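Working notes, structure below.
The values are calculated or read from the model by the stated rules, or taken from the named source; none is laboratory data. Not measured: the values here are computed from a predicted model. Neighbour counts are summed over all protein chains in view; Cβ atoms, including those assigned to glycine, are modelled from backbone coordinates with ideal geometry. All accessible areas refer to the heavy atoms of the entire protein, side chains included, with ligands and DNA or RNA removed. Shrake-Rupley method; radii C 1.70, N 1.55, O 1.52, S 1.80 Å.
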Amino acid sequence: MDLLFDARPATPIRPFTPDTLDTPADPEWKLAPYPFNKATADVILRSSDMVSFRVRRDILLEASPAFVRILAFSPGPVTTIDIPARSETIQDILLICYPIAKPKKERSVKELELGLRAAMAYELELPITVFEDELVRLAGRDSQSWAEVFMVAYRMKLEDVARRILRPTFHDKEWDAGCIVDDLTAGDYYRVA
C-alpha cells in the first residue's frame, strides 16, 4: 500500500533545528521565492532539486487530506517534508493553494502533467481542477496540442478530462482522426467518448 494514503507519514519528517535547512552547514539548499520564504512558516517542503519552501501548515491542511494525515505525526513546531517533485512543480501547486494574487502563467503540457501527478499524489483538489481545466483549454488550440493533451489524460486515467477534450471533435467535420497516437485503441476511444 502506498504510504501516502496510509496513516503513517509518507516522507521523512524532522523537527526544524538551525542545522537542518538553509544554513551554512547546508549551503546547497536554496530558499524558494516569496511568499514561500518567510521565517514564520511552520512547514518546510523540500523539492527534489534542493529548493526549500516555507509554508503555512493551515493552508496545507485545508488544501489536502493527505497533508492532514502526514502532519498528524509532526514531531515539532516546524516540520520538514521531502517532496519527490521539482521546485517548479511545487511552486505552481502552492501558488494555486495560497490566497495571494496569482501571476499569469502559460504552462506546457508537460508542466501540467507533472503538476497533476504531484497534486493527485497529495490529494490537492484545487490544483487538480486548475490543471485539468488548463489541459482542456490547451487541447482546443490545434490537433498537435489535442493529441498530446489527450494522451496525458489517457495515461493518467482522467476519463472526465478525456471526454471534455473529445466532445468538440464529434461535430467537427475538419477534425483529423490521424492525430491520435498509436497507443490508443478504438476501445479506449469508445470508452471515453
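Miscellaneous remarks
- For region 81-90, the criterion of being open to solvent by less than 10 Å² (accessible area, probe 1.4 Å) and more than 24 Å from L135 (Cβ to Cβ) is met by at least one residue.
- Members of region 129-146 found to be surrounded by 19 or more Cβ atoms within 10 Å (Cβ to Cβ) and under 10 Å from V109 (Cβ atoms), listed by number: E134, L135, L138, A139
- Of the criteria (1) at pLDDT below 95; (2) part of a loop (DSSP other than H, G, I, E, B); (3) crowded, with 20+ Cβ neighbours inside 10 Å, which one K105 fails: (3)
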